[in-house]
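**Q** Right, I'll just put the structure down here and ask away after.
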Amino acid sequence: MIRFEQKEQKDWQILYDKTAVVNLNLVSSSITNKFSIIANFIEGISKTFEKKFDKWFLRLLSSYYKSGDLRFTLLMENITELKSFVNGYIDSRNIDFSQFVDESKAKKSSILFAAGEIEKIIKLSGYLKMYAIFSNTEGLKLDQKLHRKVYNELAAEVLDSDVVFKIFNVIKTKTFRYNLTDRYMWDYIKMIQCKSIDVHVIEIFNFIMNSILVLCEEDRNPITYFIGVIDESVKWFLRSVYKGSIIYDDSISTEDIHGLNINNLKTYAYNDTLGRLKGIAYEQIYESLEEVSSITFGGDGSDQTITEFQNRVSNIKYVSPLCECLVFPVLSKLTSIPYSHFKTLSPEHAIVLSVYAQRLLTETFVGEYRSLLSLLNYYPSDSPSPVTTYKLKAVHDHINKQNHLKDFFGFNEKIVPYDILSYFVGRISRINFYSVWDGKRLVGIPLSKIELDMIDFYTLFFARKLEKQFEQMKKAMSTDF
């Protein structure tokens, strides 16, 4: 029989009968703090299926340790058997999931989890317990991208139902009920920490799905468990005691929150993606600064260089027109975040994303559009004019390019793209640009070369002839994430 034995706080040992098989060095997490729940669950499966399960489980452990780069493939190949053992074990328990649902107390506005949905949550929790042996152990964890694929495969049945949306609604409802009694506290937190109650809802939802769902016990109501986590998270966040402020009568009686648009979920998903993208951009910039510093100062000036850079970008007051006409459209296409969402970015974050986009574009269009792309590392010192009377000088090149493709979003049009390109070039023609890297002013903007770069790039872009290049950039961005 499979047994688990705890040696130290984060060190566990898996034994088969009395023989030690594997030592687990767990990562620091909420799951580790309650790993005994996972150990008891797997031991229960072993007792139920005996040698049939033990043989499969030990073979999987042994193969996983030896597989190296093939670990993801090995897990995906064993997911069907993993689910089969978990489902069989939970079915053998003969748990009456309807005991967790009291439909007599349900109202029109109630969030009602049916018995079948509770069962789905419990079984998914079981799948995640089995997977936690790998995902919560040092040296066995997959990278975030592959981990997400395994998670989605394990949760496929739940993700294809209304269960996840109902869990999110419970979190939203419970959290907003605190807002009724602590509105001014939340307003204060939003002002000081720039963190609204809506953002807190998303964070708790992610925490429950990634760290709490796995700890549900099969004979207990998971919704009540989630409610407890939500309450404790809010109490901890507000640093106050709310005994008696909120009373949870039953697991299905929660009021709807009026005035919260469901599209807010998309908005916060966009914010989360942009936040991660800005973090990646900063990390790459700091690495570049450290490399330059090590060459220039022998490694002694990296802190100073980074500090100077941070002071420089934090004092930028205006968004470059290149961000509006090139960076934002490109990143919008790569991330599927609406262009209007990028328009809300601060000048500091706009230039950081501009530097990131410059790297993506340069690595994709090797040797092309050098004059245009080089400007993505510069920011304006004064406010760009919203209008311009500038007209393209390279009319001949524009006409030839348009005659060759004869496609402006499906139309054989020359005047409209000419006006657009004139506007783009005109807005950057009279700006004083400064380098984001060293703060030095750009002397002499090569407008003639920039015109040719823009004519070629945007004609292909408007004709949708750059899809392969955008797919290449999207893969590079996915790797960064």
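**Q** Taking the condition in the same structural domain as Val319 (by TED's automatic domain parsing), over 21 Å from Pro347 (Cβ atoms) and crowded, with 17+ Cβ neighbours inside 10 Å, does Pro417 pass?
**A** Numbers: in the same structural domain as Val319 (by TED's automatic domain parsing): yes; over 21 Å from Pro347 (Cβ atoms): yes; crowded, with 17+ Cβ neighbours inside 10 Å: yes.
So Pro417 passes the test.
**Q** Would it be correct to say that Ile399 is of a type in the set (A, V, I, L, M, F, W, C), in the same structural domain as Arg464 (by TED's automatic domain parsing) and not in a helix (DSSP H, G or I)?
**A** It is false that Ile399 is of a type in the set (A, V, I, L, M, F, W, C), in the same structural domain as Arg464 (by TED's automatic domain parsing) and not in a helix (DSSP H, G or I).
Quick grid of which residues meet (1) surrounded by 15 or more Cβ atoms within 10 Å (Cβ to Cβ); (2) modelled with pLDDT of 90 or more; (3) part of a helix (DSSP H, G or I); (4) out of contact with any strand residue (DSSP E or B) (no Cβ under 9 Å at 6 or more places or on another chain):
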site	(1), (2), (3), (4)
Phe134	yes, yes, yes, yes
Lys149	no, yes, yes, yes
Ile171	yes, no, yes, yes
Met185	yes, no, yes, yes
Ile204	yes, no, yes, yes
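**Q** Follow-up. Quick one: in the stretch 293-318, which of the residues that are among the charged types (D, E, K, R) and out of contact with any strand residue (DSSP E or B) (no Cβ under 9 Å at 6 or more places or on another chain) is modelled with the highest pLDDT?
**A** Here is the first cut: in the stretch 293-318, the ones among the charged types (D, E, K, R) are 300, 303, 308, 312, 317.
From what's left, out of contact with any strand residue (DSSP E or B) (no Cβ under 9 Å at 6 or more places or on another chain): 300, 303, 308.
Details: Asp300: 51, Asp303: 58, Glu308: 77.
Filtering first and then ranking leaves Glu308.
**Q** Still on this structure, please answer the following. Across the stretch 330-341, what is the total count of residues that are in a helix (DSSP H, G or I) and touching a residue at least 24 places away in the same chain (Cβ under 8 Å)? Explain how you work it out, then say what you get.
**A** Step one: of the stretch 330-341, the residues in a helix (DSSP H, G or I) are 330-335, 339-341.
Still in the running and touching a residue at least 24 places away in the same chain (Cβ under 8 Å): 330-331, 333-335, 341.
Count: 6.
So that you can scan it fast, the table gives a plain yes or no per residue for (1) among the aromatic types (Phe, Trp, Tyr); (2) surrounded by fewer than 16 Cβ atoms within 10 Å (Cβ to Cβ); (3) out of contact with any Leu (no Cβ under 7 Å at 6 or more places or on another chain):
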{"position": "Leu322", "(1), (2), (3)": "no, no, no"}
{"position": "Ser340", "(1), (2), (3)": "no, yes, yes"}
{"position": "Tyr379", "(1), (2), (3)": "yes, no, yes"}
{"position": "Ser385", "(1), (2), (3)": "no, yes, yes"}
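Residues checked against (1) closer than 24 Å to Leu213 by Cα; (2) modelled with pLDDT of 90 or more; (3) part of a helix (DSSP H, G or I):
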position	(1), (2), (3)
Thr48	yes, yes, yes
Asp54	no, yes, yes
Ser63	no, yes, yes
Gly68	no, no, yes
Glu77	yes, yes, yes
Leu82	yes, yes, yes
Val86	yes, yes, yes
Ser98	yes, no, yes
Ser104	no, no, yes
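**Q** Continuing with the same structure: What do you reckon, is Ser67 touching a His at 6+ places or on another chain (Cβ under 8 Å) and either in the same structural domain as Val21 (by TED's automatic domain parsing) or touching a residue at least 12 places away in the same chain (Cβ under 8 Å) (or both)?
**A** Working: touching a His at 6+ places or on another chain (Cβ under 8 Å): no; either in the same structural domain as Val21 (by TED's automatic domain parsing) or touching a residue at least 12 places away in the same chain (Cβ under 8 Å) (or both): yes.
Criteria not met by Ser67.
The values are calculated or read from the model by the stated rules, or taken from the named source; none is laboratory data. In this text, all values refer to a predicted model and were calculated from it rather than measured experimentally. Note that we place each Cβ from the backbone using ideal geometry, even for glycine, and neighbour counts take in every protein chain shown.
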